[in-house]
Amino acid sequence: MAISNLQAARAAYQPKLPKALQGPVKAVEGAPTQSVGNQAEIKELFPNTYGMPVITFEAGEPVELPAFNVGIILSGGQAPGGHNVISGLFDGVKSLNPANKLYGFILGPGGLVDHSYMEITSELMDQYRNTGGFDIIGSGRTKLEEEDQFEKGIQILRELNIKALVIIGGDDSNTNACVLAEYYAAKKYGVQVIGCPKTIDGDLKNEQIETSFGFDTACKTYSELIGNIQRDCNSARKYWHFIKLMGRSASHIALECALQCQPNICLVSEEVEAKAMSLDDVVTYIAEAVAARAAEGNNFGTVLIPEGIIEFIPAIKKLIAELNDVLALPAAQNITSANEQIEFVKAHISPDNLAVFKSLPSDVAAQLALDRDPHGNVQVSLIETEKLLSRMVADKLAVWKKAGKFVGKFGTQHHFFGYEGRCAAPSNYDADYCYSLGYNASRLIANGKTGYMSIIKNTTAPAAEWIAGGVPITMMMNLEKRNGKMKPVIRKALVELDGAPFKFFAAHREQWAKETAYVYPGPIQYWGPTEVCDQTTKTLQLEQAK
């Protein structure tokens with residue numbers, strides 16, 4: 001495998017570990033837990049893994065363990081640091097007993113079901129330390145939901161003498177991990193299941209999980225690109241750049257990038273919903289900022305747009321909810337053409353939602369009515385929201401120009417930053433955090449835990465002071481409607497409008513809208529002063545008042 005000079009240098013980097021994980025550990029149990037919602041229903045669905053305590057690791061006495069094998073799965077979209085979770089797990093299980101083996105299932109959960117796997121050796125692992133991507137074993141989006149899948153999985157787990165399975169994924173993947181842990185516990189199969197919190201969207205977090213891995217690196221990667229665009233914008237002074245950023249269910253990425261770059265405008269989906277803004281309200285908000293800057297002779301600026309904003313506009317959210325139900329009807333399953341599906345939708349939705357549907361640009365309406373992703377969601381990344389909004393702003397400004405309310409020019413450029421950040425080489429923070437998550441997972445396994453997620457806390461402090469442990473996955477669950485049915489899922493964490501990060505943004509955005517107050521973060525730094533190389537996200541710093 002050919003490697004770059006950077007990769008060769010990064011391979012030598014030894015990620016930092018919390019002090020508690022630097023030797024033998026003992027597990028300290030907290031009080032029993034309960035789910036965040038629907039307690040009775042979740043307890044009934046997960047009788048063997050519900051109510052377990054939060055675990056914190058402290059320094060302990062050495063314990064000799066017999067050799068055991070571990071399996072690992074990368075699930076869902078890529079996020080920087082996945083290879084470091086695997087390297088941390090690899091080093092962790094080897095430190096428990098050098099005879100232990102780690103097996104990777106190929107291309108995600110489907111590899112478990114199809115018995116497609118490979119042993120991860122030290123020679124292989126050393127090629128991927130501190131690198132971006134999931135290419136060591138690949139990832140996939142197969143959902144582990146059916147008993148037949150679980151039984152096929154146990155066949156290969158027994159054949160390979162695997163004691164525990166670690167699933168690295170987001171909220172849906174860890175929900176699947178919890179279902180699998182419950183099934184194997186109920187059947188007394190003796191296989192543990194541990195989850196690791198991954199998603200660049202940043203929406204897998206709560207009181208126990210400070211951040212999902214990859215969020216730090218992805219936001220720093222996007223912020224570099226946004227800073228570059230802002231530098232160009234401030235040089236040419238003739239374009240408004242509309243920049244859509246990943247984050248279908250939450251605006252954490254857009255907000256973090258705004259905190260890092262200070263753009264003229266950043267939309268926050270959760271605020272749009274809370275204020276019950278219409279699509280025209282959003283367009284007017286942008287147009288007023290454009291007009292105000294034009295009045296000062298500044299016909300340029302930057303607008304950050306969260307990928308999923310269209311779903312947070314209340315009228316459209318209500319429309320989508322009914323569309324999801326309609327498209328889940330048996331009669332909808334046999335439709336073969338897009339036009340037929342759109343007509344079916346029009347015939348089956350309420351008059352109010354039909355009026356909203358007809359008011360949307362035809363391309364947006366069509367996308368809302370067409371195929372869902374594997375989780376039953378609208379594929380919002382396919383809706384070119386950045387072009388939709390700039391087009392509607394241009395139309396509004398044209399009307400204002402005729403009325404003498406707008407005196408400037410409005411030229412636009414469009415960008416969508418998504419895949420650019422998912423496989424970036426992890427920042428020092430993500431390299432350390434992910435390695436710790438993987439190493440910590442080995443200690444959860446050694447302590448016989450199942451149905452837990454590996455967690456590392458206090459991460460704005462130096463790494464030696466980080467707190468390691470585990471949280472029961474059931475603690476994060478509630479019931480939500482998916483594909484027309486109520487299902488147990490991990491509750492997504494949205495931007496909190498009364499939280500410190502949003503409050504800081506809200507206190508400064510009027511100034512950023514009027515002035516050209518751009519910040520240019522530059523590329524991720526791996527070597528140099530710790531305040532440059534090891535900094536956390538602005539979101540974490542504000543949340544923990546650091």
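The values are calculated or read from the model by the stated rules, or taken from the named source; none is laboratory data. Note that this is a predicted model, so its numbers are computed, not measured. Don't worry about glycine lacking a Cβ; one is built from the backbone with ideal geometry, like all the others, and counts go over all protein chains shown.
General observations
- Complete set of residues in the range 302-338 that are of a type in the set (D, E, K, R), closer than 22 Å to Leu389 by Cβ and part of a helix (DSSP H, G or I): Glu311, Lys317, Lys318
- The residues on offer are Tyr419, Tyr429, and the sole one that is surrounded by fewer than 24 Cβ atoms within 10 Å (Cβ to Cβ) and either within 23 Å of the chain's Cα centre (by Cα) or assigned by TED's automatic domain parsing to the domain that holds Lys94 (or both) is Tyr419.
- Pairs where the first residue, in the range 453-468, is closer than 7 Å to Pro18 by Cβ and the second is of a type in the set (Ser, Thr, Tyr) and assigned to a strand (DSSP E or B), C-beta under 6 Å, 6+ apart: none
- Filter pass, Val63 being hydrophobic (A, V, I, L, M, F, W, C), out of contact with any Pro (no Cβ under 6 Å at 6 or more places or on another chain), assigned to a loop (DSSP other than H, G, I, E, B) and closer than 20 Å to Gly23 by Cβ: yes
- When residues of the range 384-419 are limited to those that are among the small types (Gly, Ala, Ser) and in a helix (DSSP H, G or I), the one farthest from Ile286 (Cα to Cα): Ala398
- Screening the range 74-181 for strands (runs of 3 or more DSSP E) wholly inside it with 1 or more residues that are crowded, with 24+ Cβ neighbours inside 10 Å returns the ranges 101-105, 162-169.
- On inspection, Glu41 passes the criterion of being within 23 Å of Asn206 (Cα to Cα) and in a helix (DSSP H, G or I).
- One residue stands out among those in the range 1-48 that are hydroxyl-bearing (Ser, Thr, Tyr) and touching a strand residue (DSSP E or B) at 6+ places or on another chain (Cβ under 6 Å): the one that is farthest from Tyr439 (Cα to Cα), which is Ser35.
- Selection within the range 241-253 - closer than 20 Å to Phe300 by Cβ and of a type in the set (A, V, I, L, M, F, W, C): Phe242, Ile243, Leu245
- Filter result for the condition that a residue is small (Gly, Ala, Ser), closer than 30 Å to Gly247 by Cβ and out of contact with any Lys or Arg (no Cβ under 9 Å at 6 or more places or on another chain), over Ala177, Ala79: Ala177
- Strands (runs of 3 or more DSSP E) contained in the range 458-510 and holding at least 2 residues aliphatic (A, V, I, L, M) and crowded, with 22+ Cβ neighbours inside 10 Å: 467-472
- Flag if Lys538 is outside the structural domain of Cys196 (by TED's automatic domain parsing), charged (D, E, K, R), in contact (Cβ under 8 Å) with a residue 40 or more places away in the chain and surrounded by 18 or more Cβ atoms within 10 Å (Cβ to Cβ): yes
- The combined condition, being outside the structural domain of Ile253 (by TED's automatic domain parsing) and closer than 30 Å to Met246 by Cβ, is fulfilled by Ile167.
- Unmet requirement for Gln7, which otherwise passes all of (1) outside the structural domain of Val93 (by TED's automatic domain parsing); (2) in a loop (DSSP other than H, G, I, E, B): (2)
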